[in-house]
Amino acid sequence: MSKRQKGRRHRRVNRTPRPVGASRPYAPRPETRPEHPRVLPDLGRHEARTWDGLRACGDGGASVDDLCASVGYQARTILKHVQGLAGHGLAELRGDRWYASRQGAP
């Protein structure tokens, strides 16, 4: 083997296999994120977060930019979420503002 060509010889770390019982046992991490209440079975966690942000805006409604600031998603994502919520009957568009529908409120 030439000096410039490196093969497996230069790797001295972890060349010996581990014993069979030496691995750490799998322990699932506890869930730290707050769970959003499920409104519909088709409503995902992120879409539920957008809907919570829309409901928090109250009767004044919210523009897409307002929801971007409060929820933390990009405008394109917010627009996709509120259009999906409108398809479920949870949000409605009046002018350029989105409003949470009364029928979707728990």
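In the condition set (1) in a helix (DSSP H, G or I); (2) modelled with pLDDT under 90, Val82 is compliant with all but (2). For the range 61-90, the set of residues classified as touching a residue at least 24 places away in the same chain (Cβ under 8 Å), farther than 15 Å from His46 by Cα and small (Gly, Ala, Ser) consists of Gly61, Ala62, Ser63, listed by residue number.
Selection over the range 69-99 of residues that are at negative phi and open to solvent by less than 30 Å² (accessible area, probe 1.4 Å) gives a count of 9.
Restricting Tyr73, Tyr99 to those that are at pLDDT 90 or above and not in a loop (DSSP other than H, G, I, E, B) reduces the list to Tyr99. Might you check whether a residue that is surrounded by 10 or more Cβ atoms within 10 Å (Cβ to Cβ), at pLDDT below 90 and assigned to a helix (DSSP H, G or I) occurs anywhere in the range 32-45? Scanning the range 32-45 turns up at least one residue that is surrounded by 10 or more Cβ atoms within 10 Å (Cβ to Cβ), at pLDDT below 90 and assigned to a helix (DSSP H, G or I).
The values are calculated or read from the model by the stated rules, or taken from the named source; none is laboratory data. Because the structure is predicted, anything quoted here is derived from the model rather than measured. Note: ideal-geometry Cβ built from the backbone for every residue, glycine included; neighbour counts use all protein chains shown. Quick note on the areas: whole protein, heavy atoms, side chains included, nothing else; ligands and nucleic acids left out. Shrake-Rupley method; radii C 1.70, N 1.55, O 1.52, S 1.80 Å.
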